[in-house]
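The values are calculated or read from the model by the stated rules, or taken from the named source; none is laboratory data. Treat the numbers as computed from the prediction; the structure is a model and nothing was measured. All Cβ positions, even for glycine, are placed from backbone atoms using ideal geometry, and neighbour counts span all protein chains on display.
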There are 2 protein chains.
Amino acid sequence: MAKDVKKELQKLGDKILQDIEKKENPSIEIPIRALSNVVFDKKLGQLTLGDKTAKRYYFNVAHAKKFMQTAMVASFSKQLIDQNIHASIRDMFYNLKRTLPDSNENTFDEQSESDPIIVDLEVAIDVLREQLHLTTDRKGIVAGNVIIQDRGDSIDWSKLGSGGWSIPSTVDEITFKKVEAEFVLVVEKNAGFERLHEDKFWQKHKCILIGTGGQPSRGTRLLIQRLNQEHKLPVYVFCDADAYGAYIYSVIKSGSISLAHVSDRISTPSAKFLGLTISDVYEYDLKKATIKAKDVDIKRAKEMLNYEWFKKNPKWQKELNLMIEKGIKAEIEALSHKGLKFMSETYLPDKLKKKDFLD
Amino acid sequence: MAKDVKKELQKLGDKILQDIEKKENPSIEIPIRALSNVVFDKKLGQLTLGDKTAKRYYFNVAHAKKFMQTAMVASFSKQLIDQNIHASIRDMFYNLKRTLPDSNENTFDEQSESDPIIVDLEVAIDVLREQLHLTTDRKGIVAGNVIIQDRGDSIDWSKLGSGGWSIPSTVDEITFKKVEAEFVLVVEKNAGFERLHEDKFWQKHKCILIGTGGQPSRGTRLLIQRLNQEHKLPVYVFCDADAYGAYIYSVIKSGSISLAHVSDRISTPSAKFLGLTISDVYEYDLKKATIKAKDVDIKRAKEMLNYEWFKKNPKWQKELNLMIEKGIKAEIEALSHKGLKFMSETYLPDKLKKKDFLD
């Protein structure tokens, strides 16, 4: 994988060189990432970028600095790949920040200048940040009957005690040696992960258990996609019964607006929403453990009613409307109201058996 | 360990029973946790609770509800220990929340009511929340030449690829099978952990590498203390050069005001501050990679000048005063300004060799 990216980076440099040799104004072509160029691809079930592009020119007062920055980030990434090391996006900022000789002009003043350049590069040469060896903060834990190979180590996800494996920023370099599971269960809350992990849910139900700790990191989303695509495992997402939970699900499934350019590489369109739903609250007698929805929750739920991917789905319309009408929300921890093992011994087996999912 | 805690919980119940049998007003004695009862123990080098206590009575309109809540939490913990399972503090809230028969009165309305009861119980019977089988969110990663036993699994911290071992909430139940290290290096930032982990710093320098991801979790602090006390490993803390970094260090070393009652069980008084310092900024030519301190940073640094444990230390006085005078701060990522491997190949080996630490 790294080899292709290096080639793409070289092609970018060669193109600039050719412009110079042809005595043309050197330029870099970059797809536009504004909302005006984000579309929902119904066939793929994903948010993607449209085909509008813009050119960044060297001889253009408004473009020159960004042109230089783009070239610097591309060169930095190539060095990372050459040396086979990784850097955080903050490390990169500090490494590239300097003052141009005989001037007071800095290459970069703030990280907020270098971060978008990384995304420009991602879309310009159509690669993932992780493939450029640039890392983001790690988040997420995994357990299951899986053995992987990572940086020369063989790691057995079933033998990590209470800890689980901490999902790193870059999971495109791991190799799956053994995957014994029938599905992937993604849990929004770490507390839910701990409960299910302690109850050995993944062992009893032959699944891979992933805790995202809120909105999943890119690394976690990529891992979910790889397990789905490479190992044909269905993915079930288990979140709070509120608009935020529904949004986490939709990000895993369809991507997000800000990362629309990488949707196809980190989202999982076939993912299904297992629960918690407001209907579950009544079905499993959890009314006592619900929370009054705040104005912002109701507002968010109303917005989501009109999301492209919820709009045409009667089940989602029903659940979102229930949130609004009843004015309540429920966390997955609410299941503890019926007993600590209710989640792993009753609720989840029941939902999985009935295949009571939302699409 | 679990056995003793169970005995303590039983003693608490027996005491209430005896009160009833003696026809006395049942009561629970709880040390006061207000600032007025927090003292800095100079000999131990820790914040601890003083000896003021208060009694919570059953027949007292102002106490009755809290009395009931305390008994409920104690009973819940005993059940967890009996069943050998763990619960998050949020799970506990949902589990115990109910409406008293023939009334509109709930046992607990909000988690903000059950959380302090847990701390009451911690101080009343002098145990840790973790020993009551109540968990908090996990945070922190570790790597090194160590093999532990946890929930029946043998886990080798040197063979976890890029991921490292995710430190769970409860580390008092793990057993160390092999510890081959000369010191513990605690890094405030995950990005720093990633850098040092990728460079195999822990292997080359025979240390255990711990990433806290900001303010360390209780589990991470307990792990640091266990490695220090049980394996006599010196602990070096590596943070940003700002007041927040100094505070993280002081929490690891001396405890915090809100957790003063458990300082002796989760802090490490012999820990030393390795860097980053403002002096380092000048020593290693990092001026270009510093950030202008905000008003809040300066205010915080001024407050810390008067902290008991910084007040009598000339080196800390010098560093805090430098922050204030120069009006700058620096993150550990700033070291990338001198090259990505500068941290692992130059800065840290240099500091460790010179033993250039702050106490």
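Do we find a residue being crowded, with 16+ Cβ neighbours inside 10 Å, within 22 Å of the chain's Cα centre (by Cα) and either aliphatic (A, V, I, L, M) or within 14 Å of chain B (Cβ to nearest Cβ) (or both) anywhere in segment A:289-307? Yes, segment A:289-307 contains a residue that is crowded, with 16+ Cβ neighbours inside 10 Å, within 22 Å of the chain's Cα centre (by Cα) and either aliphatic (A, V, I, L, M) or within 14 Å of chain B (Cβ to nearest Cβ) (or both). Does at least one position in segment B:35-50 carry a residue that is of a type in the set (S, T, N, Q) and under 30 Å from residue B:151 (Cβ atoms)? Checking segment B:35-50: not a single residue is of a type in the set (S, T, N, Q) and under 30 Å from residue B:151 (Cβ atoms). Output the number of residues of segment A:28-83 satisfying the condition of being farther than 22 Å from residue A:96 by Cβ and of a type in the set (A, V, I, L, M). Adding up the residues that qualify gives 9.
Residue count for segment B:320-331, restricted to those that are surrounded by fewer than 22 Cβ atoms within 10 Å (Cβ to Cβ) and touching a residue at least 40 places away in the same chain (Cβ under 8 Å): 3. Would you say residue B:319 is assigned to a helix (DSSP H, G or I), within 14 Å of another protein chain (Cβ to nearest Cβ), closer than 24 Å to residue B:184 by Cβ and of a type in the set (Asp, Glu)? So residue B:319 does not fit the description; no.
Is one or more of the residues making up segment A:254-272 assigned by TED's automatic domain parsing to the domain that holds residue A:300 and more than 30 Å from residue A:118 (Cα to Cα)? Looking through segment A:254-272, at least one residue is assigned by TED's automatic domain parsing to the domain that holds residue A:300 and more than 30 Å from residue A:118 (Cα to Cα). Here segment A:9-28 is the region considered, the condition is being among the β-branched types (Val, Ile, Thr) and either outside the structural domain of residue A:62 (by TED's automatic domain parsing) or in contact (Cβ under 8 Å) with a residue 24 or more places away in the chain (or both), and the residue that is farthest from residue A:82 (Cα to Cα) is A:28. Among the conditions (1) closer than 20 Å to residue B:350 by Cα; (2) out of contact with any Ser or Thr (no Cβ under 7 Å at 6 or more places or on another chain); (3) in contact (Cβ under 8 Å) with a residue 40 or more places away in the chain, residue B:266 misses just one, which is (1).
State yes or no: is residue A:125 surrounded by 14 or more Cβ atoms within 10 Å (Cβ to Cβ) and at the interface with chain B (Cβ under 8 Å from one of its Cβ atoms)?
no
Within segment A:25-45, the residues that satisfy the criterion of being within 30 Å of residue A:10 (Cα to Cα) and of a type in the set (D, E, K, R) are A:29, A:33. Among the residues of segment A:60-80, the ones that are assigned to a helix (DSSP H, G or I) and more than 13 Å from every other protein chain (Cβ to nearest Cβ) come to 13 in all.
Do you know which of the residues in segment A:332-347 that are surrounded by fewer than 24 Cβ atoms within 10 Å (Cβ to Cβ) and either at pLDDT 95 or above or part of a helix (DSSP H, G or I) (or both) is nearest to the other protein chains (Cβ to nearest Cβ)?
Restricting attention to segment A:332-347, the residues satisfying the condition of being surrounded by fewer than 24 Cβ atoms within 10 Å (Cβ to Cβ) are A:337-339, A:341-342, A:344-347.
Those left that are additionally either at pLDDT 95 or above or part of a helix (DSSP H, G or I) (or both): A:337-338, A:342, A:344-347.
On the way: A:337: 5, A:338: 9, A:342: 9, A:344: 10, A:345: 12, A:346: 14, A:347: 13 Å.
Per the stated criteria, the residue is A:337.
What number of residues in segment A:1-48 are under 19 Å from residue A:66 (Cβ atoms) and surrounded by 15 or more Cβ atoms within 10 Å (Cβ to Cβ)? Number of matching residues: 12.
Apart from one condition, residue B:44 fits all of (1) within 20 Å of the chain's Cα centre (by Cα); (2) assigned to a helix (DSSP H, G or I); (3) away from chain A (no Cβ under 14 Å); the exception is (2). Considering segment B:243-259, and only residues there that are touching a strand residue (DSSP E or B) at 6+ places or on another chain (Cβ under 9 Å) and of a type outside the set (Gly, Ala, Ser), the residue that is surrounded by the most Cβ atoms within 10 Å (Cβ to Cβ) turns out to be B:252.
Looking across segment A:81-108 at every residue that is more than 8 Å from chain B (Cβ to nearest Cβ), among the charged types (D, E, K, R) and farther than 18 Å from residue A:4 by Cβ, the one that is surrounded by the most Cβ atoms within 10 Å (Cβ to Cβ) is identified as A:105.
When residue A:266 is tested against (1) out of contact with any strand residue (DSSP E or B) (no Cβ under 8 Å at 6 or more places or on another chain); (2) surrounded by fewer than 22 Cβ atoms within 10 Å (Cβ to Cβ), only condition (2) is not met.
Restricting to segment B:207-219, count the residues that are buried (at least 20 other Cβ atoms within 10 Å of the Cβ) and within 12 Å of another protein chain (Cβ to nearest Cβ).
Within segment B:207-219, residues that are buried (at least 20 other Cβ atoms within 10 Å of the Cβ) and within 12 Å of another protein chain (Cβ to nearest Cβ) number 4.
Could you grab me the full set of residues in segment B:138-157 that are more than 8 Å from every other protein chain (Cβ to nearest Cβ) and part of a loop (DSSP other than H, G, I, E, B)? B:139, B:140, B:144, B:145, B:157 - these are the residues of segment B:138-157 that are more than 8 Å from every other protein chain (Cβ to nearest Cβ) and part of a loop (DSSP other than H, G, I, E, B). The residue of segment A:160-206 that is farthest from the other protein chains (Cβ to nearest Cβ), among those that are surrounded by fewer than 17 Cβ atoms within 10 Å (Cβ to Cβ) and in a loop (DSSP other than H, G, I, E, B), is A:182.
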